[in-house]
Each structure stands twice: as C-alpha cells, then as structure tokens.
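Working notes, beginning with the structure itself.
The values are calculated or read from the model by the stated rules, or taken from the named source; none is laboratory data. This one's a predicted model, so the numbers in the text were calculated from it and none came from an experiment. So basically every Cβ, Gly included, is an ideal-geometry build from the backbone, and we count neighbours across all protein chains shown.
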Amino acid sequence: MRIKLEIYSTEVLKNFFMNFDKFFELSTKNFDELEGSINENNLSLVFLDGSNITSEKILKKICKNKNFIFICKDFSVFQKFSLIQKNTIVSPLSVNKLVDMVNSFVNSKKYKFGNTEFFYSAINNVESNEKSYLTQAETHILLKLFHEKNVRKKLLERDVLEIKSDLNTSSIESHLNRIRKKLKRISSNFTIYSKDQYVYLEIFNPSK
C-alpha cells in the first residue's frame, strides 16, 4: 500500500512532486487550505521558498503537528520560520532522500486509540504493557483504520491487501479475525468489526 501524502506547494512545484506518485498516494493542496489542516492526522509535505503567503503564525502552529514535513528552498528559509530540524529537509532534494524520510517518519510514528498504542508492526496496551506483533498486512489495515476510523472493505482489499475487486471477502476477513485476536490478547478496550461492507474501530462500552 502506498502512503497517503498531502502536498502544499506552488503550482510550478506541484508538477515536480508528481514524480513521486509511484511511491506515494498524492493529494495536492493550495496554501490557503493549510490553516484548516493544522489538527489533521494526514501526513503532509509543505514546500517553503520564502515567498509563501502563509503567515509565520500559522506555520508555528503547524510545527506543533508532527504529521507535517517541511521542505525549504534553502537554509535562510529554514532560519526565517524557525522550523524543527527533525521534520525539515533543506533543498536540494532528491527522490530517495524524501522517500527515506517519509518511510522513517511512518515507521517511528505512534497512534493511540483507547488504551492501545499502535506503532509500526506492533500494538501495545499502555496500561498493562502487553504487546503483540503485527504482519505487514495487519499493520496496513490498522494504520488505515486509525486514520479514517471506518473504511470500505473493497478499499482494504484493493489498496491494502492488493486483492482484485472481483474476489470474495474471505481473505480480508481472515486478516480482520487475526487482528481481533491480537487486540483481545493484549486486553485492548477496542476492537474492529464489519458491517454493511465497512470496517470500523469500536471502543467497548463498559455499561453493556
């Protein structure tokens, strides 16, 4: 499954970033949409060349969101906006450098839902410290669900498991069952369930 990546850039540079579409699932956006994305969980690239109309105030807010990676035209732009070095690349930019940085970012990122922390290839109960490891397919399924909370089965089959759309759902169900068992094994207080061709995350209701 390709990583979903949102790109905020000038019109000229958007064509350059299209060269990365074989590595990522790209979505290009305008800078005037940036402020509305401050609290989003989507992984995003922001290209800064010093002439951006985006205010420093907005960029400072975005810097606090660890889902944003900044690409600066040169070091003076990096200094101007006082960016964090960990999630910033200073041009010149190579495809390999960008791919490596995004992959490293994804692999080190942690997500939390209920009492369960999910990070690349493992889930962990933050209260009991019980842990269970995930296969690549299971990781992709949970990553998709942590981002979107509910996903069509057909989308999981096509994008996550690379199953042809005309096949039945038995294969996806086997992966979902294994994930459920691993969540139960670590005493997670949420599970995943299927209904009407959708897959959901659901926190257990203690009153039931």
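Remarks
- In the range 118-129, residue surrounded by the fewest Cβ atoms within 10 Å (Cβ to Cβ) [restricted to those that are farther than 16 Å from Arg178 by Cβ and modelled with pLDDT of 90 or more]: Asn129
- Candidates Glu130, Glu138, Glu33: the one that is outside the structural domain of Lys181 (by TED's automatic domain parsing) and in contact (Cβ under 8 Å) with a residue 12 or more places away in the chain is Glu33.
- Only one of Val102, Val106 that is in contact with a strand residue (DSSP E or B) (Cβ under 7 Å, 6 or more places away or on another chain), part of a helix (DSSP H, G or I) and surrounded by fewer than 16 Cβ atoms within 10 Å (Cβ to Cβ): Val106
Quick grid of which residues meet (1) more than 30 Å from Lys149 (Cβ to Cβ); (2) modelled with pLDDT of 75 or more; (3) among the β-branched types (Val, Ile, Thr):
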| residue | (1), (2), (3) |
| --- | --- |
| Val12 | yes, no, yes |
| Met18 | no, no, no |
| Asp21 | no, no, no |
| Ser55 | yes, no, no |
| Ile84 | no, yes, yes |
